[in-house]
Amino acid sequence: MRLLLKGARVIDPASGVDGARDILIEDGVIALVDRDITPAETGHTAIVELGPSLVVCPGFIDMHVHLREPGYEHKETVATGAAAAVAGGFTAVACMPNTNPVNDSASVTRFILKQAAEAGLARVYPIGAVSKGSDGKELAEMADMRDAGCVAFSDDGRPVATALLMRRALEYAGMLGLPVIDHCEDKTLAGEGVAHEGFHASQLGLRGIPSAAEDVMVERDVVLAAMTGSHAHIAHLSTSGALRAVRAAKARGVRVTCEVAPHHFTLSDDRLMSPLAYDTNLKMNPPLRHAHDREALVEGLRDGSVDVIATDHAPHHADDKTVEFDRASFGIVGLETAVSLSLDRLVHAGVVSLPRMVELLSTNPARILRVPGGRLQPGDAADLTILAPDLGVTVSAAAFSSKSRNTPFDGWTLRGGVAATIVGGRALFVNADVPAAAGLRRS
Amino acid sequence: MNDKAVRLRGKDLLGIADLTASEISLVLDTAEAMKEVSARPIKKVPALRGKTVINLFYEPSTRTRTSFEVAEKRLSADTLNIAIATSSVVKGETLIDTALNLEAMNPDLIVMRHASSGSCHLLARTCKAGILNAGDGMLEHPTQGLLDAFTIRERKGRLHGLKVAIIGDMLHSRVFRSNVYLLTKMGAEVWACGPPTLMPAGIEQLGVRATTDVEEAVKDADAVMMLRIQLERMQGGFFPSLREYFQVFGMTPERVRLAKPDAIIMHPGPMNRGVEIASEVADGPASVILDQVANGVAVRMAVLYLLAGGGDDETAA
């Protein structure tokens with residue numbers, strides 16, 4: 001089984017490639033990346049002319065998603081989440097452990113991987129809980145979970161509860177060579193908040209979550225990462241203060257990385273007022289921050305302080321959102337809008353180059369999680385994301401592959417989209433709106 | 001100048017934030033006529049005869065619910081009261097389901113009080129019936145703002161150019177927000193005073209002067225409005241003690257003397273005597289606290305009439 005992709009622009013920051021290349025795939029593995037590859041005389045090679053309008057990248061990896069299984073299958077399952085991933089251009093996702101039961105043991109990890117294997121779509125990398133039940137008291141069995149397939153540890157949805165637990169988690173995960181991912185939020189400062197503390201929350205009578213709730217926790221984690229020498233990864237960073245802390249820590253050589261979600265670099269808290277006041281699809285944690293924070297995040301994406309774009313894909317049933325703002329669940333789905341938002345808001349807006357976007361969505365998450373991919377290297381599995389950077393896209397929540405529809409971007413028109421998603425040499429998603437990718441359907 | 005409004009634009013009254021200055025004046029002018037009705041021996045007019053008004057209260061209320069009910073009855077509306085304890089809602093139906101069930105009985109207006117800010121917005125998007133906000137979370141209590149303005153205007157003849165000091169818990173107060181929106185739209189100068197722990201973020205962007213110095217706030221004020229300290233909310237340690245609160249922010253006769261000689265003292269109730277206000281002030285000659293209650297009925301009659309009354313439907317048919 002050979003597949004030859006011809007004529008596209010290939011971007012692979014890990015090997016410094018950016019230009020017209022052909023890619024030969026054999027039995028699901030990358031065999032060769034080169035200029036003008038001629039198919040071998042023997043055996044059948046399917047040749048797909050992609051042409052220069054498309055961009056082939058190492059497969060995108062969303063290192064922060066919630067797949068809701070086990071326990072909340074009415075919101076999402078591993079299979080529907082993995083389908084949303086490939087529809088959104090992601091060849092792999094890392095799923096947070098706040099399921100029911102919490103993924104705090106190897107048996108839950110193995111269950112998730114079994115569901116993922118049965119789905120046979122995007123690769124799924126489970127993230128194990130830092131503490132048993134994610135209740136912030138005792139360390140979960142991290143080594144056992146690592147052996148079962150976990151790629152990182154987090155109590156996401158909640159912060160790692162105490163400085164002592166974070167210290168021990170970093171020390172122990174450091175032994176295993178895996179990062180601790182922290183949802184940075186000082187719960188005493190955040191209180192019962194539901195929106196960013198500032199003028200707009202005051203005007204709407206909503207209880208605020210101050211930026212400081214995030215900032216002090218990021219500062220804590222930076223101190224502990226420096227102390228332990230282990231790797232702390234800051235989830236969904238949303239404030240200028242937290243970014244400043246990460247930037248300064250990196251300059252000192254502390255092993256800290258961070259991710260930013262598309263909604264945080266696209267929207268700010270002034271959206272809470274209009275066009276629709278109290279739209280629960282604008283309720284997430286961390287909340288949409290001040291416009292100054294959004295601008296700081298964009299600058300961090302540009303200057304390299306931000307390592308990763310991750311969606312914090314948080315599917316919720318309409319019943320959890322069609323209620324009073326105070327009572328609505330936090331979070332929005334992100335897998336099927338992230339690529340278009342990144343192309344439109346970052347690349348076409350002139351903030352980052354396409355190669356930098358590939359680093360943010362593929363190279364860096366692969367490096368941080370130490371998972372395969374993130375590069376186009378002969379011998380690696382052929383996980384590819386193919387972009388149509390100039391495609392006109394209209395977001396349609398009704399057409400999502402995800403089980404949930406909770407997005408504030410429904411109806412948005414954006415420039416740039418996914419042409420196809422190839423996992424292990426198989427084209428699992430081919431966008432019908434991209435004629436240049438049509439050949440992949442037959443391959 | 002704005003053209004004089006002759007009707008409200010929307011089917012709902014969700015907050016003062018949505019009203020123009022001219023609509024506010026319309027409500028206040030209409031309330032003057034309604035006040036006259038309440039002074040008659042037969043306190044009833046047929047303005048809302050055949051109209052159904054549902055009072056849906058998710059939070060306990062004596063004053064506001066009674067005031068609405070009196071207003072509705074004086075306008076001859078058919079009224080019914082539904083009080084829902086929050087605890088039963090937790091296991092029971094959603095707000096929207098409750099609203100749709102009520103809507104199926106074809107009411108003309110739903111008057112709602114609810115603990116969540118924006119809940120009336122949610123209801124207004126769901127229901128054909130007009131929604132009248134009787135206090136939602138920390139957002140607005142528009143009829144309170146209107147009755148406060150009515151009371152000030154009655155005593156001072158105007159709102160424009162007056163200095164109004166609002167003192168107390170601004171963070172959790174829907175009365176505060178409605179008053180700020182209303183008074184700033186009508187050209188009053190609003191001073192907000194309280195401990196910094198009870199000031200909402202970005203308070204000055206709301207168009208007020210904020211201070212922690214009660215004497216600065218009260219100095220030369222035309223009206224001083226005390227906000228209730230919600231004792232049940234004060235467990236979080238927003239200030240050290242009620243005793244210290246009264247020392248620093250309480251309205252005493254000495255502080256009242258800093259205001260204009262003809263200043264009025266207001267309180268939306270229920271009062272905590274000796275916490276935010278001294279009894280001598282609450283019961284003193286400058287107090288208009290009971291006038292506020294009386295005016296509440298007139299203002300609510302005006303709003304009910306403007307939302308549900310009038311002959312528009314008949315002429316349209």
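The values are calculated or read from the model by the stated rules, or taken from the named source; none is laboratory data. These figures come from a predicted structure and were not determined experimentally. Backbone-built Cβ (ideal geometry, glycine too); neighbour counts: all protein chains shown. The protein model used for the area step is the full one, side chains on, heavy atoms only, and it has no ligands, DNA or RNA in it. Shrake-Rupley method; radii C 1.70, N 1.55, O 1.52, S 1.80 Å.
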What strands (runs of 3 or more DSSP E) completely inside the range A:12-104 contain at least 2 residues that are free of Cβ contacts under 8 Å to residues at least 60 places away in the same chain and under 13 Å from A:Leu376 (Cα atoms)? A:17-26
Taking A:Ser211 as meeting all but one of (1) modelled with pLDDT of 95 or more; (2) more than 14 Å from chain B (Cβ to nearest Cβ), write down the number of the exception. (2)
State which residue is modelled with the lowest pLDDT when the search covers only the range B:68-80 and only residues that are out of contact with any Leu (no Cβ under 6 Å at 6 or more places or on another chain) and open to solvent by 10 Å² or more (accessible area, probe 1.4 Å). B:Leu80
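What do you reckon, is A:Thr337 within 22 Å of A:Ile368 (Cβ to Cβ), away from chain B (no Cβ under 13 Å) and of a type in the set (Ser, Thr, Tyr)?
Considered against the rule, which asks whether it is within 22 Å of A:Ile368 (Cβ to Cβ), away from chain B (no Cβ under 13 Å) and of a type in the set (Ser, Thr, Tyr), A:Thr337 comes out as no.
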Search result, residues across the range A:284-302 that are outside any helix (DSSP H, G or I) and open to solvent by 70 Å² or more (accessible area, probe 1.4 Å): A:His290
In the range A:324-353, anything open to solvent by 20 Å² or more (accessible area, probe 1.4 Å) and over 12 Å from the mean Cα position of the chain (by Cα) is listed as A:Asp326, A:Arg327, A:Ser329, A:Phe330, A:Asp344, A:Arg345, A:Val347, A:His348, A:Ala349, A:Gly350, A:Val351, A:Ser353
Keeping to the range B:107-133, report how many residues are more than 8 Å from chain A (Cβ to nearest Cβ), open to solvent by 10 Å² or more (accessible area, probe 1.4 Å) and not in a loop (DSSP other than H, G, I, E, B). 4
Strands (runs of 3 or more DSSP E) wholly in the range B:134-222 with at least 1 residues that are within 13 Å of chain A (Cβ to nearest Cβ) and either open to solvent by less than 40 Å² (accessible area, probe 1.4 Å) or among the hydrophobic types (A, V, I, L, M, F, W, C) (or both) - which ones? B:189-193, B:209-211
Filter the range A:125-182 down to the residues that are part of a helix (DSSP H, G or I) and in contact (Cβ under 8 Å) with a residue 40 or more places away in the chain and list them by number. A:Met145, A:Asp147, A:Ala148, A:Ala163, A:Met166, A:Arg167, A:Leu170, A:Glu171, A:Ala173, A:Gly174
Residue among A:Leu113, A:Leu121 that alone is part of a loop (DSSP other than H, G, I, E, B) and open to solvent by 30 Å² or more (accessible area, probe 1.4 Å): A:Leu121
What's the number of the only condition in (1) farther than 28 Å from A:Gly304 by Cβ; (2) modelled with pLDDT of 95 or more; (3) out of contact with any helix residue (DSSP H, G or I) (no Cβ under 7 Å at 6 or more places or on another chain) that A:Asn431 fails to meet? (3)
Here's a check for you: in the range A:151-208, which residue that is open to solvent by 50 Å² or more (accessible area, probe 1.4 Å) and of a type in the set (Ser, Thr, Tyr) is nearest to the other protein chains (Cβ to nearest Cβ)? A:Thr188
Scan the range A:322-329 and give yes if some residue there is within 14 Å of chain B (Cβ to nearest Cβ) and among the β-branched types (Val, Ile, Thr), otherwise no. yes
Would you check if A:Gly229 is without any contact (Cβ under 8 Å) to a residue 12 or more places away in the chain and more than 21 Å from the chain's Cα centre (by Cα)? no
